[in-house]
Amino acid sequence: MGRNAIIFHGTGGSPDNCWYPWLAGRLAARGYAVEVPHHPGINVEPITMFLPKVLGSHTFDEDTVLVGHSGGAALLLALLQHLEVTVAQAILVAGYCTPPNTEEEPVLQPSYDWAAIREHVRDIYFVNSRTDPYGCDDRQGRAMFERLGGTQIVRDDGHFGDYDQPYERFELLDRLIP
């Protein structure tokens, strides 16, 4: 199997939001088979109900790159914990591992097996912003980095795309993915 990438949108998002189509095009041009699935259940359905659907909908192998934004990034934690293979790379953009604000977060597990997560990804990045309006900020990135290692990147770029923050290109992600 060749290189493949799966880009998971955030809560209430879709494959057409912000930088997802742009990144998908950039990766496809470099030979990746790219999926940008629409999973409206992200952060709506409890993770115990939602995760099996995601695991059954995609193929994961040692050449897989996973990119998640916001609720999609939080989903990657559960996904990585429960995979049976080690993927090449995971990039969590505006990710979080504890409730970032007062909203309900059904995408979060009550706890994580951090060793299992680390075992299932060779290269992991946490891209967070100090100015994230939802609390998916650099402190959340630091909490994951301290448990998993990898690389933490901190910016001052809001939520990296939102209904009121157009973010059509994300050059950093294009550079991070080989």
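The values are calculated or read from the model by the stated rules, or taken from the named source; none is laboratory data. Quick caveat: nothing in here was measured; it's all calculated off a predicted structure. Cβ placement follows ideal geometry from the backbone for every residue including glycine, while neighbour counts extend to all protein chains displayed. Heads up: the accessible areas ignore ligands, DNA and RNA and are worked out on the full protein's heavy atoms, side chains in. Shrake-Rupley method; radii C 1.70, N 1.55, O 1.52, S 1.80 Å.
Tabulated results
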quantity	calculated
Long-range HN-HN contacts of residue 35 with modeled amide H, under 5 Å	5, 6, 7
Portion, in percent, of the accessible area of segment 38-178 that falls on carbon or sulfur, probe 1.4 Å	49 percent
Nearest-10 value in Å² for the accessible area of residue 122, using the 1.4 Å probe	130 Å²
57, 129, reordered so the largest accessible area comes first (probe 1.4 Å)	57, 129
Helix-derived mean residue ellipticity, 222 nm - over the chain, DSSP H n ≥ 4, -39500 (n - 2.57), to 500	-9000 deg cm²/dmol
Leading residue at positive end of dipole, the chain (Cβ point charges), from 143, 161, 131	143
Estimated vicinal HN-Hα couplings, Hz - segment 148-165 in sequence order (Karplus 6.51, -1.76, 1.60; Gly, Pro = x)	10, x, x, 9, 9, 10, 10, 10, 10, 10, x, 9, 6, x, 6, 4, 10, 9
Shape category assigned to segment 94-140 from the gyration tensor of Cα positions, a/c cut at 1.5	oblate
Relative contact order of the chain, defined on C-alpha pairs under 8 angstrom at six or more residues apart (%)	22 percent
From phi via Karplus (6.51, -1.76, 1.60), per-residue ³J(HN,Hα) for segment 85-92 in Hz, x at Gly/Pro	10, 9, 7, 5, 7, 9, 10, 9
Segment 36-134 - percent relative contact order, Cα under 8 Å, separation 6 or more	31 percent
Derived scalar couplings ³J(HN,Hα) [segment 68-83; Karplus, 6.51 cos²θ - 1.76 cosθ + 1.60; whole Hz; x for Gly, Pro]	x, 10, 6, x, x, 6, 4, 4, 4, 4, 5, 4, 4, 4, 9, 5
Cα-based Kirkwood hydrodynamic radius, segment 44-118, one decimal, Å	12.6 Å
Gyration tensor verdict on the chain (Cα atoms; rounded if a/c is under 1.5, prolate if a/b is larger than b/c, oblate otherwise)	rounded
Counting DSSP beta bridges with both ends in the chain, the antiparallel % (nearest 5)	5 percent
Total charge dipole magnitude, segment 44-178, about the Cα centre, Cβ charges on Lys, Arg, Asp, Glu only, Debye to nearest 20	280 debye
Nonlocal amide H pairs with residue 123, under 5 Å, H built at 1.01 Å	89, 90
Over segment 53-93, volume per residue of the alpha carbon convex hull, in Å³	61 Å³
Accessible surface, the chain, averaged per residue in Å² (probe 1.4 Å)	44 Å²
Distance (nanometres) between label positions extended 7 Å along Cα→Cβ at residue 154 and residue 62	3.6 nm
